[in-house]
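What follows is a single structure, written as structure tokens, with notes after it.
The values are calculated or read from the model by the stated rules, or taken from the named source; none is laboratory data. Computed from a prediction, not measured in an experiment: that's the story for all the values here. For neighbour counting, all protein chains shown are included, and Cβ atoms are generated from backbone atoms with ideal geometry for every residue, glycine included.
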Amino acid sequence: MPKTLFQRIIDREIPAKIEHEDERCIVIHDIQPQAPVHLLIIPKQPIARVGDATAGDESVLGHLLVTAGALAKKLNLANGFRLVINSGSDACESIPHVHVHLLARRQMRWPPG
């Protein structure tokens with residue numbers, strides 16, 4: 001199966017503005033931001049979508065959320081932020097590699113979508 005865009009970024013085949021990286025994930029700035037802060041928190045371990053995750057993926061998926069919280073503190077997002085995971089075509093998933101959108105510094109609406 002061909003590499004996803006995110007796998008190519010992780011492998012440094014495609015450039016990206018990296019905000020954070022550790023052994024389990026990479027965090028990049030979205031190239032089409034939907035808020036003043038729009039980061040993508042991407043596991044290095046490829047998981048196509050949340051519905052394909054297994055019990056063995058629990059640690060890495062939890063790490064994505066812990067990383068989001070740490071970034072929110074680092075970026076002083078005390079007024080709030082939103083985390084979004086799209087899964088499937090109806091949710092506008094564009095890359096079949098789990099990733100968490102961290103959006104902040106604008107008023108979010110509810111319900112979303």
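Which of the residues belonging to segment 75-96 are modelled with pLDDT of 90 or more and either in a helix (DSSP H, G or I) or on the phi > 0 side of the Ramachandran plot (or both)? Within segment 75-96, 76, 80 qualify. Of all residues in segment 39-58, those being surrounded by fewer than 18 Cβ atoms within 10 Å (Cβ to Cβ) and touching a Leu at 6+ places or on another chain (Cβ under 7 Å) number 1.
Filtering segment 37-53 to residues that are under 15 Å from residue 93 (Cβ atoms) and outside any strand (DSSP E or B) leaves 46, 47, 48, 49, 50, 51, 52, 53. Against the test of being under 12 Å from residue 104 (Cβ atoms) and surrounded by 11 or more Cβ atoms within 10 Å (Cβ to Cβ), the options 64, 5, 83 yield a single qualifying residue, 83. Considering segment 8-30, the residues that are assigned to a loop (DSSP other than H, G, I, E, B) and out of contact with any His (no Cβ under 9 Å at 6 or more places or on another chain) include one that is surrounded by the fewest Cβ atoms within 10 Å (Cβ to Cβ), namely 23. Taking the criterion of being surrounded by fewer than 17 Cβ atoms within 10 Å (Cβ to Cβ) and within 19 Å of residue 5 (Cα to Cα), would at least one residue in segment 98-111 satisfy it? No, that holds for no residue.
Within segment 88-113, residues that are within 16 Å of residue 53 (Cβ to Cβ) reach partners that are among the basic types (Lys, Arg) and surrounded by fewer than 19 Cβ atoms within 10 Å (Cβ to Cβ) with beta carbons closer than 8 Å, at six or more positions or on different chains, in the pairs 88/49; 93/49; 96/49; 98/49.
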